[in-house]
Amino acid sequence: MRPVLRLVSGSPGKGGEDGRIAADRALAHGVERGDRDAVAALTARCLPLVTGLAARTLRDPIEAEDVAQDTFIKVWRRIAQYHPERARLETWVARIALNLCYDRLRKRGEALMGDDTPELAASDAGADVSLAAGDDARRVRAAVAALPVRQRAALELCHFQELGNIQAAAVLEISVEALESLLARGRRALKAALSDEHGDLLAGLTAGHGGET
Amino acid sequence: MMMLERFAALCAAYGGNLERWPQAEREAARAFAQTTPEARDLLTQAQMLDRALDQARPAPASDDLARRIAASAPASVSARRSTRSAAPRPAWAAMAAALALTVGLGAGWFGGAPAETGDMDLYADAFGALDESAALELLEDA
C-alpha cells in the first residue's frame with residue numbers, strides 16, 4: 001500500500017488529533033497531485049455524507065446527485081485551500097455541499113431560517129412518498145421530510161451520518177448549543193408526528209423489538 | 001457530575017444511543033443511567049424514536065455516481081494552477097496595477113481621516129469571516 005493511502009485508510013489511532021491532521025493533509029496533497037488512489041479514497045470517504053445531506057435537505061434524489069457532483073468539482077478546484085488544522089476533511093467537504101444545497105433552496109424560494117414551522121404536512125412531504133397504510137418506512141421518511149431544513153440537516157449529520165456534535169455543528173456553522181436545540185426540536189416534532197397520526201408507529205416498533213434495549 | 005436535567009436534554013437531542021452523545025459527557029451519562037431509573041426510562045423512550053428513524057436511512061450513493069465523480073477530478077490540481085499562472089499577461093497589466101496602487105496610497109494618505117476606535121477589530125472581523133473557500137469563490141467570481 002502506498003504511504004498516502006496508509007494514512008488515509010488508517011484511523012488516527014495513537015496520533016489522536018495530530019494523526020488525523022496528518023492523514024487529512026496527506027489525502028488532500030494526494031488529491032492535489034492528481035493521485036487517482038487519493039481521489040478515489042476521498043470520494044469513498046465523503047460521498048455518503050454528501051449524498052445523504054443533499055438528499056435530506058433537498059428532498060429530491062436527482063437534485064442531490066447533481067449537488068454531489070458539483071460539490072466534488074468544487075473540492076477538486078479548491079483542495080489546495082483546505083487546511084487540516086481548521087477542520088476535518090469531511091467537515092470541509094460537507095460545508096461545501098450544504099452551501100450548494102442552500103443555494104438551490106434559495107433559488108426555489110424556500111426559507112432557510114424558519115426552524116419551528118414544518119415545511120410540509122407529513123402527508124405531502126416528497127413527491128416519492130406515499131402513505132400507504134402500514135408502510136412504516138414511508139411514514140417515517142415523510143415525517144422527517146416535513147421538518148424544517150436545518151432540523152433535517154442536523155438529524156442527517158448526527159443520527160444518520162453519526163458525526164460528533166462538534167463536527168456537525170461545524171458543518172452547520174452553528175454552536176453546539178444551537179445544534180442540540182435543532183436536534184431536540186426535530187426529534188420532538190417527529191415523535192409527535194409518528195405518535196399521533198395514523199396510529200402510534202413508535203409503540204408498534206417497540207412491540208416489534210421487545211427484547212432490545 | 002451528571003444531573004437529570006442535563007441527561008434529559010442530551011437524550012432529547014442525541015437520542016437513546018450513548019455512542020451518539022458528546023464524547024466528553026458519555027461516561028458520566030452511562031454511570032448516571034446505571035443508577036437512575038428515570039434516566040433509563042428516558043433512554044428507552046429515545047430508543048423507540050431511534051428505531052423509527054433508522055427506517056428513513058438515506059439510500060446509498062450509486063457506484064456509477066462515485067465513478068463519475070472520481071473521473072471528474074483533474075489529473076493534477078497543481079499542474080493546472082501552474083499552467084494558469086504561466087499564461088501570458090498583457091503588457092499593460094503591470095502598469096495598471098502600479099497606477100491603482102499609487103492612486104490608492106495617495107487617497108489613503110491625503111484623504112483618509114484617522115479612525116477613532118476599533119478599526120483593527122473591524123478589519124479582523126471582516127477578513128476573519130472570509131474562510132478559504134469563500135475567498136476563493138470571490139476570486140473565481142471576479
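Annotations
- Rounded to 0.05, the FRET efficiency of the residue B:28 and residue A:85 pair, given R0 = 30 Å and the Cβ-Cβ distance, is 0.55.
- Whole-angstrom gap from the range B:33-69 to the range A:18-42, using each part's C-alpha centre: 30
- Whole-Hz couplings from phi, Karplus 6.51/-1.76/1.60, listed for the range A:157-170; x for Gly and Pro: 5, 8, 8, 7, 8, 6, 6, x, 5, 5, 5, 5, 5, 5
- Potential lengthening of the chain between residue A:17 and residue A:36 amounts to 4.3 nm, from the contour at 0.36 nm per residue minus the alpha-carbon distance.
- Pairwise label distance in nanometres, residue A:103 with residue B:62, each label 7 Å out on the Cα-Cβ vector: 2.4
- Full-extension gain in nm, residue A:173 to residue A:136, via 0.36 nm per residue minus C-alpha separation: 10.0 nm
Read-outs throughout are calculated quantities, based only on the coordinates presented, and are distinct from any laboratory measurement. Just so you know, these numbers come straight off a predicted model, no measurement behind them. When we count neighbours, we look across all protein chains shown, and the Cβ atoms used for this are built from the backbone with ideal geometry, even at glycine.
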